[in-house]
Amino acid sequence: KRNHSTVRYCFEADAEPAVLPRALELLAKRGLVPARVFAQADADLLSVEIEVEGLATEVADHVGRCLSQIVGVRQVF
């Protein structure tokens, strides 16, 4: 989802320890620090929202595609 210069990635994943660090690593590899991270585990489901400011469209789209390829990610919104 996009709102002005902020990109919000929302996804649901298996509630496993490595999912959130892998998602954040996609940003860290590009020298980006998220403006906001929210994660909530409920039984076997992890719901995550990550907001990043100032991403170029191509980079934002690429990161979104990479999120969907992380093992354990069920759905990216």
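The values are calculated or read from the model by the stated rules, or taken from the named source; none is laboratory data. Since this is a predicted model, take the numbers as computed values, not measurements. Using ideal geometry, Cβ is built from the backbone for each residue, glycine included, and neighbour counts are taken over all protein chains shown. For accessibility, only protein heavy atoms count, side chains too; no ligands or nucleic acids. Shrake-Rupley method; radii C 1.70, N 1.55, O 1.52, S 1.80 Å.
Within the accessible surface of the chain, defined with a 1.4 Å probe on protein heavy atoms only, the carbon and sulfur portion equals 49 percent. What the Kirkwood sum gives for the stretch 11-58 is a hydrodynamic radius of 11.5 Å, with every pair of different alpha carbons counted.
When shorter helices are ignored and each DSSP H run of at least 4 residues is given -39500 (n - 2.57), the per-residue value for the chain at 222 nm works out to -8500 deg cm²/dmol.
The magnitude of the dipole of the chain, with charges of +1 and -1 set on the Cβ of Lys/Arg and Asp/Glu and taken from the Cα centre, is near 280 debye. The accessible-area ordering, largest first, of the residues Asp14, Asp61 stands as Asp61, Asp14, per a 1.4 angstrom probe. Spin-label model, Ala41 to Glu53: label points 7 Å out along the Cα-to-beta-carbon direction sit 3.1 nm apart.
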